[in-house]
Amino acid sequence: MALLSVNNIEVIYDDVILVLKGLSLEVEEGAIVALLGANGAGKTTTLKAISGLLKTEEGEVTDGAIVFDGQRINDLEPEKIVRRGVFQVMEGRRVFVDLTARENLIAAAHTQKCTRRQLDERIEQVYAYFPRLKERQNGLAGYLSGGEQQMLVIGRGMMARPRLMMLDEPSLGLSPLLVGEIFEIIARLNRELGTTILLVEQNARMALNIASHGYIMENGKIVLDDTTEKLKNNEDVKRFYLGVG
Ligand code: ATP
């Protein structure tokens with residue numbers, strides 16, 4: 001059984017705007033799965049449906065089922081979904097700019113019942129992955145560079161110790177060097193901590209390189225899904241997503 005199974009979901013915003021029109025996907029435990037598609041296809045909406053964050057935006061799953069670890073999570077509050085082990089790293093480096101980097105990490109663990117010592121251990125683990133955050137831990141997050149803020153949002157995700165981490169456009173606006181670094185960290189999280197990853201990316205090349213399976217989305221539906229090896233050789237994927245052929 002897949003860790004996450006999204007079955008034929010429909011999502012509507014503001015009671016009228018139909019955005020997901022029968023979308024299904026599966027993520028196996030331990031995998032890295034990429035979700036690709038043009039702007040407006042509904043990728044962010046898909047992640048928010050899974051994490052429950054749609055509810056904060058007048059969006060609603062009106063049909064279908066989202067099953068995580070064998071249990072239906074459609075109707076749960078976002079906080080309960082985080083406690084079950086699903087964490088969405090949002091697009092756009094959302095950090096608390098008036099808190100220090102360290103305080104941002106501590107705040108991210110608020111849904112967890114952990115002791116002071118466990119909290120310190122988790123922070124040290126984040127610093128082991130992102131030594132730069134340790135150097136800047138007492139600086140206000142608002143003064144961190146774009147790349148450091150992206151590290152901080154992933155670090156915040158790590159603090160929740162999710163079984164499934166969903167990342168929305170982690171490479172957005174970063175230099176090619178930093179993009180490589182962030183992708184390497186995502187692969188390490190998967191390899192070393194066993195975190196299952198669902199990745200939404202415009203940078204299709206990078207995403208297909210670290211993922212084992214990919215879904216291509218158009219206009220609220222999945223139009224193609226396959227192993228990333230096969231997708232990389234698919235003529236349409238090459239032309240529309242990889243800019244070759
Ligand atoms: P992008 O790469 O631009 O983020 P996306 O594939 O993630 O695109 P979504 O952000 O999920 O796409 O948006 C899908 C559609 O849903 C778009 O037409 C968008 O205008 C609409 N939409 C998104 N959020 C809302 C909202 N809160 N209320 C109403 N419509 C929305």
- Message: For a distance above 26 Å, tell me the whole-number percent of Cα pairs in the chain that qualify.
- Response: 38
- Query: To the nearest 10 Å², what's Leu140's accessible area with a 1.4 Å probe?
  - Reply: 70
- Note on the structure: Across Val16, Val95, Val179, the residue with the highest GNM fluctuation in the chain (Cα network, 10 Å cutoff) is Val16
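Just by accessible area at a 1.4 angstrom probe, what is the order of Val86, Val97 from largest to smallest? Provide the component values of the computation, followed by the final result.
Details: Val86 5, Val97 75 Å².
Ranked list, largest accessible area first: Val97, Val86.
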- Message: What figure, in Å² to the nearest 10, do you get for the accessible area of Glu124 with a 1.4 Å probe and non-protein molecules left out?
- Response: 90
- Isotropic mean projected area of the C-alpha convex hull, the range 1-86 (nm²): 5.4
- Query: When the chain is fully extended, how far beyond the present Cα-Cα distance does Leu140 get from Val97, taking 0.36 nm per residue of separation?
  - Reply: 14.8 nm
- Query: Remind me, what semi-axes does the range 93-161 give for its equivalent ellipsoid, largest first in whole Å, using sqrt of 5 times each Cα gyration tensor eigenvalue?
  - Reply: 18, 12, 10
- About the Cα centre, charge dipole magnitude for the chain (Lys/Arg +1, Asp/Glu -1 at Cβ), debye: 760
- Query: Angle, helix 146-159 long axis vs. longest principal axis of the chain, Cα atoms, 0 to 90°, nearest 10?
  - Reply: 90
- Item | Charge dipole (the chain, unit charges on Cβ, about Cα centre) - positive-most of Thr100, Pro176, Thr46 | Thr100
- Among the listed pairs Lys48/Lys232; Lys55/Lys80; Lys48/Lys80; Lys48/Lys134, those beyond 22 Å (Cα-Cα): Lys48/Lys232; Lys48/Lys134
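Take every Cα pair under 8 Å in the range 93-161 that's 6+ residues apart, average their separations, divide by the length, and report that relative contact order as a whole percent. Mind dumping the intermediate values first?
Working: 79 pairs, mean separation 38.5, N = 69.
Normalised by residue count, the contact order of the range 93-161 is 56 percent.
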- Between Arg191 and His110, what is the label-to-label distance in nm when each label sits 7 Å out along the Cα-to-Cβ direction? 3.5
- Message: Suppose R0 equals 25 Å. What FRET efficiency, 1/(1 + (r/R0)^6) with r the Cβ-Cβ distance, do Lys238 and Asn8 give to the nearest 0.05?
- Response: 0.30
- Query: Using 7 Å Cα-to-Cβ label points, what is the Glu57/Ala38 separation (nm, one decimal)?
  - Reply: 2.0
- Query: Angle between the Cα long axis of helix 176-193 and the longest principal axis of the chain, 0 to 90 degrees, nearest 10?
  - Reply: 90
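Sequence gap at least 6, Cα distance under 8 Å: using those rules, report the relative contact order of the range 71-211 to the nearest whole percent. Could the numbers behind the result be given before it?
Working: 175 pairs, mean separation 43.2, N = 141.
For the range 71-211, the relative contact order is 31 percent.
Mind ranking Val67, Val27 by accessible surface for me, highest first, 1.4 Å probe?
Val67, Val27
For the chain, what does the helix formula give at 222 nm: sum of -39500 (n - 2.57) over DSSP H segments with n ≥ 4, over the residue count, nearest 500 deg cm²/dmol? Each step should come with its number before you reach the end.
Details: 10 runs with 93 residues, N = 245.
So the helix-based figure for the chain works out to -11000 deg cm²/dmol.
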- the range 35-101, accessible surface, carbon-and-sulfur percent (1.4 angstrom probe): 45
- Message: Given the whole protein assembly as supplied and a 1.4 Å probe, what does the accessible area of Tyr13 come to in Å², nearest 10?
- Response: 40
- Note on the structure: Expressed in nanometres to one decimal, the distance between label points 7 Å along Cα→Cβ at Asp226 and Arg117 is 5.2
- Message: Sort 143-154, 232-243 by the packing proxy (mean of other Cβ within 10 Å over each peptide's residues), most packed first.
- Response: 143-154, 232-243
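The values are calculated or read from the model by the stated rules, or taken from the named source; none is laboratory data. A quick note: this is a predicted structure, and the numbers were derived from the prediction, not measured. Neighbour counts are summed over all protein chains in view; Cβ atoms, including those assigned to glycine, are modelled from backbone coordinates with ideal geometry. Surface accessibility is based on the protein's heavy atoms, side chains included, excluding ligands, DNA and RNA. Shrake-Rupley method; radii C 1.70, N 1.55, O 1.52, S 1.80 Å.
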